[in-house]
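S.K.: The structure's right below; bear with me while I get my questions together.
The values are calculated or read from the model by the stated rules, or taken from the named source; none is laboratory data. Predicted model, so just to flag it, every value in this text is computed and none were measured. Keep in mind that these areas ignore ligands, DNA and RNA; they rest on the heavy atoms of the full protein, side chains included. Shrake-Rupley method; radii C 1.70, N 1.55, O 1.52, S 1.80 Å.
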Amino acid sequence: RFEDGTVSFLDIIALKHGFDVLEKLTGGMEKIKQHTFALAHYTYTVLSALKYANGAPVVRIYSDTDFSNPDVQGPIINFNVLDDNGEVIGFSQVDKMASLYNIHVRTGCFCNTGACQMHLNISNGDIQRNLQAGHVCGDDIDLVDGRPTGSVRISFGYMSSFEDAQTFLKFIIATRLSESDTEIPFQSSVTKLMTESVPDDHPSFNNADKLSLIPRISDRELGNNSSATKKTVSWQPPEAEAESIRAAVSETAVPTCRRGGKPITVTNIYLYPIKSCSAFEVTEWPVGIQGLLYDRNWMVVNQNGVCMTQKQEPRLCLVNPSIDLKKKVMVIQAEGMDPISVSLEENTGKETVICESKVCSHRVKTYDCGERIADWFSLFLGRPCRLIRQSSDMKNRSNQKNTKGLASATNISLSLVNEAQYLLINVASILQLKEYISARLEEPLEIEELIQRFRANIVISAPESFEEEEWAEISIGALQFQVVGPCSRCQIICIDQQSGERNKEFLQSLSAARGRKTNFGIYLMNQTSRSSFPDILSVGSQVLPVLKENTEIQPPTSSEEKYSG
């Protein structure tokens, strides 16, 4: 009675064939149950045994059983990762780190708020307070006032193998434990259960895939993971100041002007005309209603119209767009390709087809830039793709998002960015991080390389590292900006913007350096101009920050004190 339209009779007919194939491949549901439960039992036992050097557990597992009976426990493990002080590490950070190891996990409350409340001790009042703090289903706000809003879940299927379980365990060990902590106790019951649970008479469960091997993660295998073997450096990372990824700026806060210290200036300005492609550096640039003029106005999509980023296609960073305001063209260049140009004037003719695309789950109105440019990108990337542009037609604009953390985001207009109009980073913060990453990599790093990896719009030079995280507002010349919150980084910082090569050490180092978060840089929204002068952002302009309530930054007494400890 609740179906809408014709019953899906083709799928219903296909069910029998699906079950027949499943029976042929695996031997039936009973063997699948035993196989997947053996994997879950093994992983649960090892996870439960992992300890830091001080004896603190590495994970907290949420379960109503002790994983001893497959009749009452499925092949799913729900948990949160802890630090050595017993504090929860947010699920969004665990998710980002897992992606570096090609591991897919599910995070949040899994559409089961009741179970989430029960296992995490979240009251109805906590649910309301989390909502007021900006937390909604599917976002990255994993901690509110230090308490988790969700957890991490891994699941095993009939195609999963013992190697998959070991890969996951190696990931936890490599990212949480030092080399001296990697000895893992195994119980004989685990090996016994795994030996008894694996079918012997089906091709998909042959001897190579059987789980009866003695479960062991060798020192040699762990040695292949740099994060588990790098020596400790003397620099101690600061604790992350922000308790929430999207810390809201209070409407009732009484701002405090920054006191003392050297002047803060803008050192670099970058725009990214094509989302996820190379930066275009300028010394001064006009500001529009969506941020820097033409910043992320275009994006590359696959043949299904889905946005492509460097996560899926690292070679996008090798595409170099540049804007010529006088000629009103964008010139796109890449090695081995003839340059191609795209007009800055929007195609508003009757033949223009307005289509709807998605950027980070938000719907935006766009139009296609034509076959010529589509062929250029398809040839360079080696896959069918197209270039689309955001429509500036006001009646078609649907990208006015309620940006997380902004006290009043009404009618804020965004381009094809993920979160906010601007991203700002501080050279002093880069320098401090540079020393830490260089020590872990055991090789020197150029500051320009790190600046490119963090893909900011505005780079400033402030005397104190990470002091930008204490700002509520800033002024740059005649422009006024409100700080939305910190930028939580993803795996894109692992991609060398000059070569497209990945190195997961960068995100791991950032996570280690910032305590339990991957925050670096702050998001800004442009406030209504209070000046009659043209809105131009220029290198060399002075930056005047306003501090958050009850915050005061003391400048270091010497240059040595600034970077030591």
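S.K.: Starting from the amide H of Gly288, placed 1.01 Å from N in the peptide plane, find each other amide H under 5 Å away whose residue is 5 or more places distant or on another chain.
M.R.: Close amide H contacts, sequence-distant or interchain: Leu293.
S.K.: Could I ask something else about it? Pairs to check: Lys517/Lys548; Lys262/Lys328; Lys96/Lys275. Give those whose C-alpha atoms are more than 30 Å from each other in this structure.
M.R.: In this structure, Lys262/Lys328 exceed 30 Å between Cα atoms.
S.K.: A further question on this structure: Could you tell me the center-to-center distance, by alpha carbons, between the stretch 148-179 and the stretch 444-459 in angstrom?
M.R.: Going from one Cα centre to the other spans 32 Å.
S.K.: Considering amide H positions built from the backbone, and no H for Pro or chain starts, which residues 5 or more places from Ile264, or on another chain, come under 5 Å of its amide H?
M.R.: Residues meeting the amide H criterion: Val543.
S.K.: Enter the accessible area per residue of the stretch 275-328 (Å², integer; probe 1.4 Å; all protein chains in place).
M.R.: 45
S.K.: Taking a ≥ b ≥ c as the square roots of the Cα gyration tensor eigenvalues, with a/c under 1.5 meaning rounded and otherwise prolate when a/b beats b/c, else oblate, which class fits the stretch 1-150?
M.R.: Judged from the Cα gyration tensor, the stretch 1-150 comes out oblate (a/c at least 1.5, b/c at or above a/b).
S.K.: Quick check: with the 1.4 Å probe, what order do Arg106, Arg176 take by accessible area, largest first?
M.R.: Values: Arg106 100, Arg176 65 Å².
Listed by decreasing accessible area, they come as Arg106, Arg176.
S.K.: Then there's this: Given an 8 Å cut-off on Cα distances and at least 6 residues of separation, report the relative contact order of the stretch 410-471 as a percent.
M.R.: Result for the stretch 410-471 is 48 percent.
S.K.: Follow-up question, since we're still on this one. Taking only protein heavy atoms into account and a 1.4 Å probe, give the accessible area per residue of the stretch 59-116 in Å².
M.R.: 45
S.K.: When only C-alpha pairs under 8 Å and at least 6 residues apart count, what is the relative contact order of the stretch 1-153, in percent?
M.R.: 19
S.K.: Could you tell me the center-to-center distance, by alpha carbons, between the stretch 281-340 and the stretch 417-439 in angstrom?
M.R.: The stretch 281-340 and the stretch 417-439 have Cα centres separated by 22 Å.
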